[in-house]
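Values quoted throughout were computed directly from the atomic coordinates according to the rules given, and no laboratory measurement underlies them. All of these numbers come straight from a predicted model, not from anything done at the bench. For neighbour counting, all protein chains shown are included, and Cβ atoms are generated from backbone atoms with ideal geometry for every residue, glycine included.
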Amino acid sequence: MTRHVLGIDVGGSSIKAGLVDIDAGRLTGGLIAAPTPQPATPAAMMPVIAELAGRLPGARGTVGIAFPSVIKQGTARTAANIDRAWIGTDGAALAAGTLGRPALFLNDADAAGIAEMRWGAGRGSSGVAIMVTFGTGIGTALFADGRLFPNTELGHMELRGMDAERWASAHVRTAERLDFPAWIARVNEYLKRLHELFWPDLFILGGAVSERYAEFAPLLRSAAQLRPAHFAGQAGVIGAALAAAESDG
Ligand code: BGC
């Protein structure tokens, strides 16, 4: 029987949700989304998550929620682009209480990487792969031979005297009205730094902006192989659902 699992991806600017066919490795329909409330507190965000979940009936098992923070045992430990009230909040327990079913919380870039390694751009790859998501911040997920090292926060690596994500995220591209050559010059510098430190074989570049990969691909430079995320902006939703399904056994 086909298993449909609910995946939710919480971002600094929008919250996306979709039903994922866990056997086929894809969304069963489109994504639905709502703006992230500001301030992005647990109390303000939970009703939005519940409303999105209510619009997607028919899911089974644990709900997977990708979240833009370090997540340890379901609890958010950082809050770079959401309200600081999240720090110390057990998001898994809170979501389970709100939705009335078990919830798995995990870092958003880790979720996106899980989807890409299983079904997308990293499928079948060995060695070291780093998924980099460009959105409000920069998220990273590090894999060695397909195994995730969770909660790497390499968007906060220092570059040019600041957090790298304050200089090279997709949000910065639009806020500073950078054209692709100007933005990709920053991305190249960031990838070079990551390469010097981790020597990955593969970078998978994701986030909604990766839908435009063909436009900026000729400008990208790296000593590692570069691939666009197969699932682009859907990867977090798909990976969250996959992780939730696996937690159900
Ligand atoms: C957060 C990460 C997150 C990334 C992408 C960063 O600011 O610290 O946990 O993965 O943004 O959302």
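Miscellaneous remarks
- For region 149-162, putting each phi into the Karplus relation 6.51 cos²θ - 1.76 cosθ + 1.60 with θ = phi - 60° gives couplings of 9, x, 6, 6, 10, 7, x, 9, 4, 7, 9, 6, x, 8 Hz, in residue order, rounded to whole numbers and with x for Gly and Pro.
- If the segment from residue 225 to residue 28 were pulled out straight at 0.36 nm per residue, it would be longer than the present Cα-Cα gap by 67.9 nm.
- As a length-normalised measure over Cα pairs under 8 Å and 6 or more apart, the relative contact order of region 74-156 settles at 20 percent.
- Cα pair count fraction exceeding 34 Å, expressed as % - the chain: 11
- With the charge dipole of region 123-229 set up from +1 on Lys and Arg Cβ and -1 on Asp and Glu Cβ about the Cα centre, the Cα lying farthest toward the positive end among the listed residues 156, 199, 217 is that of 217.
- Average Cα contact separation per residue, the chain, under 8 Å, 6 or more apart, as relative contact order %: 23
- Remark: 22, 82 ranked as 22, 82, counting other beta-carbon atoms within 10 Å and listing the fewest first.
- Region 123-229: relative contact order as a whole-number percent, Cα under 8 Å and 6+ apart: 28
- Charge dipole magnitude, Cβ of K and R +1, D and E -1 - region 68-191, Cα centre, debye nearest 20: 200
- Cβ-to-Cβ counts within 10 Å put 45, 131, 157 in ascending order as 157, 45, 131, the fewest first.
- Each of 238, 15 was scored by other Cβ atoms within 10 Å of its Cβ. Arranged with the fewest first, they read 15, 238.
- Computed label-point distance, nm, for sites residue 217 and residue 188 using a 7 Å Cα→Cβ extension: 1.7
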